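Undergrad: Got a structure here, written out as structure tokens. Questions coming.
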Amino acid sequence: MRGVVFDGEQVQVVDDLAVREPGPGEVLVAISAAGLCHSDLSVVDGTIPFPVPVVLGHEGAGVVESVGAGVSHVAPGDHVALSTLANCGTCPECDRGRPTMCRQAIGRPGRPFSRGDRPVHQFACNSAFAERTVVKAVQAVRIPKDIPLSSAALIGCGVLTGVGAVLNRARVDRGDTVVVIGTGGIGLNVLQGARLAGAVRIVAVDANPAKEAAARQFGATDFLTSAEGVRDLLPTGADHVFECVGRVELIRQAIDLLDRHGQAVLLGMPRATAEASFVVSSMFLDKAILGCRYGSSRPQRDIPLYAELYRQGRLLLDELVTATYPVEDFEKARADAEAGRVARGVLTF
């Protein structure tokens, strides 16, 4: 079968990939569509260290082909969106409703794929850039069949992360003010999360003026090409500032833009060794810097919620899909993503 494999030096679309059958508590999914997220590209450029060879992709949707023993919540023929969260369900963190903190779900790459006699790693417990993948049952979330799979695919990462950061982590409230630095796939979902939460002023900041129309469509009340103008709109600062790029200088800007009791939420991914600085005394008015993993989500709860909001016309998914590409055109999709020409490019099988 076809898949996108990174061997540590180059990315190739191969046609000799194999995947094993699902074991107990696992699901085999035929992938229909998968979004190209910057996290995939971060594996290629070394920002996210990961063992190789690896099948890329982690934002996918498809149709269940078969299930292993003990799986009852999905069945062959079901449409599913996939999460990257292979949490155990039994540890103290899972029991507290914090599956993103499950230690069994972090840093334990499996190798369900193979090429010839050589095993191949799975990225983010998912590897959606393959015609078929095997995931833990908890990662496969059934969705209504009337949702296009090319749109549903984006729920599994961009929507869970961006909307979840607003609703679950920052807990933005009605009347709050929000600044979003970076309006790529994650930033657009932060914008619509802030809109859903009832924020009264939502300021999008992106150096690319061509992104203004999309930012406003997703919920921005204002658009700036530099954070320097934020204080003109919000003289005392913002209640919440989301950094969605992953650059240390922008993290500093996010902190500096906070009002009293404000929160800076870090969503962008800089290199693993990157360090950011700030004026410590500026934090003593009950300000906070929050990390956020995967939107602090509970996918089995949140994915059906977002699917229903989409069906009601309150959550935008179709509008996130700027372009679709057959998997063979991965390099074109990659170039468009790196150049900022798409909100989300989606690979199709």
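The values are calculated or read from the model by the stated rules, or taken from the named source; none is laboratory data. Not measured: the values here are computed from a predicted model. We place every Cβ from the backbone using ideal geometry, glycine too, and count neighbours over all the protein chains shown. Heads up: the accessible areas ignore ligands, DNA and RNA and are worked out on the full protein's heavy atoms, side chains in. Shrake-Rupley method; radii C 1.70, N 1.55, O 1.52, S 1.80 Å.
Undergrad: One residue is enough: does the stretch 270-287 have a residue meeting the conditions more than 26 Å from V43 (Cα to Cα) and charged (D, E, K, R)? Spell out how you get there, then give the answer.
TA: Taking the stretch 270-287 and keeping what is more than 26 Å from V43 (Cα to Cα), we get 278-287.
Still in the running and charged (D, E, K, R): 286-287.
So far as the stretch 270-287 goes, yes, one or more of its residues are more than 26 Å from V43 (Cα to Cα) and charged (D, E, K, R).
Undergrad: Kindly indicate whether A288 is among the aliphatic types (A, V, I, L, M), surrounded by fewer than 18 Cβ atoms within 10 Å (Cβ to Cβ) and touching a strand residue (DSSP E or B) at 6+ places or on another chain (Cβ under 7 Å). Don't jump to the end; show me each part of the working.
TA: Values: among the aliphatic types (A, V, I, L, M): yes; surrounded by fewer than 18 Cβ atoms within 10 Å (Cβ to Cβ): yes; touching a strand residue (DSSP E or B) at 6+ places or on another chain (Cβ under 7 Å): yes.
Answer is yes for this residue.
Undergrad: Only residues that are open to solvent by 30 Å² or more (accessible area, probe 1.4 Å), outside any loop (DSSP other than H, G, I, E, B) and farther than 15 Å from L257 by Cβ: list them for the stretch 188-201, please.
TA: R195, L196
Undergrad: Picking from G57, G70, G77, which residue would you name as being of a type outside the set (V, I, T), at pLDDT 95 or above and in contact with a helix residue (DSSP H, G or I) (Cβ under 7 Å, 6 or more places away or on another chain)?
TA: Details: G70 fails: in contact with a helix residue (DSSP H, G or I) (Cβ under 7 Å, 6 or more places away or on another chain); G77 fails: in contact with a helix residue (DSSP H, G or I) (Cβ under 7 Å, 6 or more places away or on another chain).
Only one candidate qualifies: G57.
Undergrad: Is there a residue in the stretch 13-30 that is under 30 Å from G268 (Cα atoms), modelled with pLDDT of 95 or more and acidic (D, E)?
TA: No.
Undergrad: Just one of the numbered conditions (1) open to solvent by 50 Å² or more (accessible area, probe 1.4 Å); (2) of a type in the set (G, A, S); (3) touching a Pro at 6+ places or on another chain (Cβ under 8 Å) is not true of S281; which one?
TA: (3)
Undergrad: Within the stretch 171-184, how many residues turn out to be open to solvent by less than 10 Å² (accessible area, probe 1.4 Å) and touching a Cys at 6+ places or on another chain (Cβ under 8 Å)? Quick ask: steps written out before the conclusion?
TA: The initial filter retains those residues of the stretch 171-184 that are open to solvent by less than 10 Å² (accessible area, probe 1.4 Å), namely 178-183.
Filter once more, keeping what is touching a Cys at 6+ places or on another chain (Cβ under 8 Å): 180-183.
Counting residues in the stretch 171-184 that are open to solvent by less than 10 Å² (accessible area, probe 1.4 Å) and touching a Cys at 6+ places or on another chain (Cβ under 8 Å) gives 4.
Undergrad: Which residues, taken from the stretch 273-311, are under 29 Å from V159 (Cβ atoms) and of a type in the set (S, T, N, Q)? Before you say what the answer is, go through the steps one by one.
TA: Restricting attention to the stretch 273-311, the residues satisfying the condition of being under 29 Å from V159 (Cβ atoms) are 274, 276, 287-311.
Hits for the stretch 273-311 are S296, S297, Q300.
Undergrad: Okay, next question. Inspect all residues belonging to the stretch 318-336 and state whether any of them is in a loop (DSSP other than H, G, I, E, B) and open to solvent by less than 80 Å² (accessible area, probe 1.4 Å). Quick ask: steps written out before the conclusion?
TA: Initially, the stretch 318-336 is screened for residues in a loop (DSSP other than H, G, I, E, B), giving none.
Within the stretch 318-336, not a single residue is in a loop (DSSP other than H, G, I, E, B) and open to solvent by less than 80 Å² (accessible area, probe 1.4 Å).
Undergrad: Shifting gears a bit: Could you check the stretch 89-154 for strands (runs of 3 or more DSSP E) lying wholly inside it with 2 or more residues that are at pLDDT 95 or above, closer than 11 Å to A61 by Cα and not small (G, A, S)? I'd like the intermediate steps shown before the answer.
TA: On the way: elements: 113-115, 118-122, 132-136, 140-142.
Per the criteria, 132-136, 140-142.
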